[in-house]
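The values are calculated or read from the model by the stated rules, or taken from the named source; none is laboratory data. Being a predicted model, the structure only gives us computed values, none of them experimental. When we count neighbours, we look across all protein chains shown, and the Cβ atoms used for this are built from the backbone with ideal geometry, even at glycine.
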Amino acid sequence: MRPVLFLTLLLSSACATGAALAQSGSNWIDPPGKSGPSASEGERAKPAAKPSSKPGPRFEAEADGRTHAHRSAAPSPARRETRRHDRTRAAEMRRERRAAIRERAREQGQAHTARTERLAERPAPPPARMARSEPDPRFSDWAVTARRLSLDYLDSVSAPNGAMLASAPRFYGGTVRFHGRVMSIGALLAEKRRFARRWPERRYEPQGEPRVACDGASATCLVRVVHDFTAQSPTRGGRSQGVAELTLTVSFTGGPPVIVAESSRVLSRAGA
């Protein structure tokens, strides 16, 4: 029994020494004796601690996470530099395109000017030689006849009313263009009668020789006669005097020459 007892005492001393060393290296205080409430009972009696309104480390960590996410979303300096370089390059390309367009327009304008100058420097082509046609041998006879007919017509207009109206049909064809209006010989004679009643006294004197131009295709001659005229109406007291030009178209188709068109215009009036 003594060896066992001795071993038990050694173990108890070792345990006590360990406990003392543990308490001396710590700030802990031994719990009260058995007479007081036990540690577990004190913990059960102590009211639960109220939750602190101060945010814990979890919320601070979340805030740090948002900041990190925001920083990661912001473009990096290298990326900003790349974007700036792209914008600069795009602006340069636009300027180059505009410069190329202006250069093409300038070159086209210079080319057009050069073509115009070359065309202007070219010598004009020589005028085409017109074939000289021999005059129709009938023209001379027609011209003489048409000139005589126009002078005879002026003499008939200067005649008294009865003689003028009686000789009128032999000067005209069946249809006449009288001052732009196409009318029959009957309508033309009615126009002549009204003229004679308005101006019963008339005097027509040619100034020089009539001018005649003949056309072989239509077999006609155009006659122009400048003449002095005087027309009076004693009953009305009217008088008309001046210089006029008479234009007659004389046709040589179908028999004797006749007037197929007549017009006139006043060149000047006396006292005007």
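Here are the numbers:
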item: Condition met for Val250 (modelled with pLDDT of 95 or more, within 12 Å of Ala146 (Cα to Cα) and part of a strand (DSSP E or B)); result: yes
item: Any hit, region 180-188, residues being over 22 Å from Ser167 (Cα atoms) and touching a residue at least 24 places away in the same chain (Cβ under 8 Å); result: yes
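Here's the yes/no breakdown for (1) farther than 25 Å from Gly254 by Cα; (2) buried (at least 18 other Cβ atoms within 10 Å of the Cβ); (3) in contact with a strand residue (DSSP E or B) (Cβ under 9 Å, 6 or more places away or on another chain):
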| position | (1), (2), (3) |
| --- | --- |
| Ala166 | no, no, no |
| Thr175 | no, no, yes |
| Val182 | no, no, yes |
| Gly186 | no, no, no |
| Pro200 | yes, no, yes |
| Glu205 | yes, no, yes |
| Gly208 | yes, no, yes |
| Gly216 | no, no, no |
| Gly238 | yes, no, yes |
